[in-house]
Amino acid sequence: MRAKLLKIYNQLYNHFGPQHWWPADSPFEVMVGAILTQSTNWGNVEKAIGNLKKAKVLNPRKIIENRKSKIENWIKPSGYYRQKAKKLKAFVGFFLKNYDGSIKKMRAAQLSKLREELLAVHGIGPETADSILLYALDKPSFVVDAYTRRIGQRLGLFKFDDYYQIKDFFEANLPKRVKLYNEYHALLVALGKYYCRPRPKCEMCPLKHLCQTQKN
């Protein structure tokens, strides 16, 4: 299975090239983006982050110091802004309390401990936690999303839907390397956005020869 997964990776990389994901100016911006991207598209998140930058509040201290209503106004383009403002406040409170707002201190923590702590924060689910771990903290924690699930099932890699089963599948069958996890997930997102949609565009897909949808 490892050989098959790496072959898929190489075919996607040759087709799409490096994805340079996660696009951000700092690890903290990645963390904020991981929360804001819940239930919306990246274009909306960019607008919200742009507002935070313009207001010069894209740092832990400023977010915790400002009223929730102000945060809501700045992140409104991301949708569900009231809930997300609450989630941001909760995450930043945790970040400051447990790690003094220091990326360096957070990176020094053990992966399993960090993941458990993140999942205990209001509004941080498995996908958001793994995005923070992988993209902001350089921890080898594979991210699973709707694209990963859909593509894996269509390629016949697995039949299950459970987040942790899919995560364990990739982590058990790939070298435990941050750069590989990063690029692999980003390439699956690209495939899902352009070809492997709910109504797939199989004719141009670089993996059409492997797809169970095509064979059935």
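The values are calculated or read from the model by the stated rules, or taken from the named source; none is laboratory data. Just so it is clear, the model here is predicted, and its values are computed rather than measured. Positions of Cβ are generated from backbone atoms using ideal geometry, with glycine treated the same way; all protein chains shown enter the neighbour counts.
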note = Residue count, region 3-31, condition in a loop (DSSP other than H, G, I, E, B) and β-branched (Val, Ile, Thr), comes to 0
note = Sole miss for residue 105 among (1) surrounded by 18 or more Cβ atoms within 10 Å (Cβ to Cβ); (2) under 19 Å from residue 26 (Cβ atoms); (3) not polar (S, T, N, Q) is condition (1)
key: Residue that is nearest to the chain's Cα centre (by Cα), among those in region 1-39 that are of a type in the set (S, T, N, Q) and farther than 27 Å from residue 204 by Cβ   = 38
remark   = Exception for residue 25 within (1) under 20 Å from residue 179 (Cα atoms); (2) surrounded by 14 or more Cβ atoms within 10 Å (Cβ to Cβ); (3) among the charged types (D, E, K, R) falls at (2)
query = Where residues in region 158-174 are out of contact with any Ser or Thr (no Cβ under 9 Å at 6 or more places or on another chain) and assigned to a helix (DSSP H, G or I), which of them is surrounded by the most Cβ atoms within 10 Å (Cβ to Cβ)?
reply = 169
remark   = Output for Cβ contacts, cut-off 6 Å, separation at least six or different chains, first residue over 19 Å from residue 102 (Cα atoms) and in the same structural domain as residue 37 (by TED's automatic domain parsing) in region 51-75, second surrounded by fewer than 15 Cβ atoms within 10 Å (Cβ to Cβ) and at pLDDT 95 or above, reads 72/82; 74/55
note = residue 122 meets each of (1) of a type outside the set (S, T, N, Q); (2) surrounded by 15 or more Cβ atoms within 10 Å (Cβ to Cβ); (3) not in a helix (DSSP H, G or I) with one exception, condition (2)
query = Pairs under 6 Å by beta carbon, first residue closer than 27 Å to residue 158 by Cα and touching a residue at least 40 places away in the same chain (Cβ under 8 Å) in region 5-29, partner of a type in the set (A, V, I, L, M, F, W, C) and part of a loop (DSSP other than H, G, I, E, B), six or more apart or different chains?
reply = 5/174
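Let's see how each residue does on (1) touching a residue at least 40 places away in the same chain (Cβ under 8 Å); (2) under 19 Å from the mean Cα position of the chain (by Cα); (3) assigned to a loop (DSSP other than H, G, I, E, B):
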{"position": "118", "(1), (2), (3)": "no, yes, no"}
{"position": "147", "(1), (2), (3)": "yes, yes, no"}
{"position": "156", "(1), (2), (3)": "yes, no, yes"}
{"position": "181", "(1), (2), (3)": "yes, yes, no"}
{"position": "189", "(1), (2), (3)": "yes, yes, no"}
{"position": "192", "(1), (2), (3)": "yes, yes, no"}
request  = Determine the pairs where a residue that is closer than 12 Å to residue 145 by Cα, located within region 121-132, has a partner that is outside any helix (DSSP H, G or I) and modelled with pLDDT of 95 or more with Cβ atoms under 6 Å apart, the partner being 6 or more residues away or on another chain.
outcome  = 127/145; 130/141; 130/143; 131/143
request  = Looking only at region 32-59, count how many residues are outside any helix (DSSP H, G or I) and either more than 17 Å from residue 127 (Cβ to Cβ) or acidic (Asp, Glu) (or both).
outcome  = 5
request  = Test residue 85 against the criterion of being in contact with a Leu (Cβ under 8 Å, 6 or more places away or on another chain) and either of a type outside the set (S, T, N, Q) or assigned to a helix (DSSP H, G or I) (or both), and give yes or no.
outcome  = no
